[in-house]
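Throughout, read-outs are computed from the coordinates displayed, never taken from laboratory work. It should be emphasised that the depicted structure is a prediction, and the values quoted were computed from it without experimental measurement. Every residue, glycine among them, receives a Cβ derived from its backbone with ideal geometry; neighbour counts consider all protein chains shown.
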Amino acid sequence: MSLRLDIQRILREGLINFWRNKLVSFSTIMVMTMAMVVMSSLLFMNAVLDFSLVQLQDRVDVNIYFFPDVPETEILTLQSKLQLVPEIRDVQYISREQAFLDFQERHRNDDLITRSLEELGDNPLGASLNIRAFESTQYEAVIAAIESEPVVTNSDFVERINYYDNKTIIERLNQFTGVVRLIGYAVVVFFSVVALLVILSTMRIAIFAAKKEIRIKRLVGAEHRYVRGPFLVMGGMYGLVSAILTMLVLYPMTRWIGNYTSSFFGGMDIASYYAGNILPIFIILVTVGMLIGIISSRIATKKYLKI
């Protein structure tokens, strides 16, 4: 019972102090909201980046081109073996006939190629295997597995493998991914520190304004938690209110930006992503906001109250 009453008193006093210092609370919440909007934007940017990378990775593949006279059974046997490699997501077999039809479709407006094919009177293309990995970083392992197969190393069977044509693109994709994620993490840390410093300054003002009350509490022998507790509640309130305001700001912002992301990022609608993940996003914002508020309040009380 006593513990419950203590918690109620601390919460009540913290809420009273939060409401009493309206201007200070308003300024702190606005700065925290702006910081959390930026951090939330990075969450969305990360989601867009992941979506875009998946689109790019789907376009990056390895193709094994066989000579026209290679038996189909040899190619299908190789396909079955490659499908067992853990890094390989799928292996698609493209027959000679399908390759010829695809080639004709791609060059249907090129009269020179069309006439050349008519003069040949036969299908000059061989079958091929289209191989895709789960991650772009796995293509080194994939190509090692491919080149370990005797059929692939047989120069009478395989005309060429296009991995080395795409190697530079794959390496740049991996580098780009790492750099963008590193920048995103750095920005999140930066704005977290900014929010923490703002609340530290706010706590200094609140502690100074309540100096007389704090002195009285000490004189009557109040425990540390009675002095520190209300300020921790204030910090938590800053984070909670900022998270709620951030969610309200994000709704129209994602609706507006969604029109552009759906056009420029392969069809991803950021507004739909926000609507579909609204609860996890809210939980993350509330958790981060309250943690920043409580931690900074604790640092301020420890430093300036000397308790």
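To the nearest 20 debye, what charge dipole does region 68-156 have about its Cα centre, counting +1 at the Cβ of each Lys and Arg and -1 at the Cβ of each Asp and Glu? Can you show the working numbers first?
On the way: 7 positive and 18 negative charges, 54 e Å.
With Lys and Arg at +1 and Asp and Glu at -1, about 260 debye.
Can you give the log10 of the normalised intensity I(q)/I(0) at q = 0.14, 0.16, 0.21 Å⁻¹, computed with Debye over equal Cα scatterers of region 68-156?
-0.62, -0.75, -0.99
What is the fewest-to-most order of E13, E135 by other Cβ atoms lying within 10 Å of their Cβ? Let's see the in-between values first.
Details: E13 18, E135 13.
Neighbour counts put them in this order, fewest first: E135, E13.
Quote the relative contact order of region 68-156 in percent (integer), defining contacts as alpha-carbon pairs under 8 Å separated by 6+ residues. Display every interim value, and only then the final one.
Values: 81 pairs, mean separation 36.1, N = 89.
Contact order relative to length: 41 percent.
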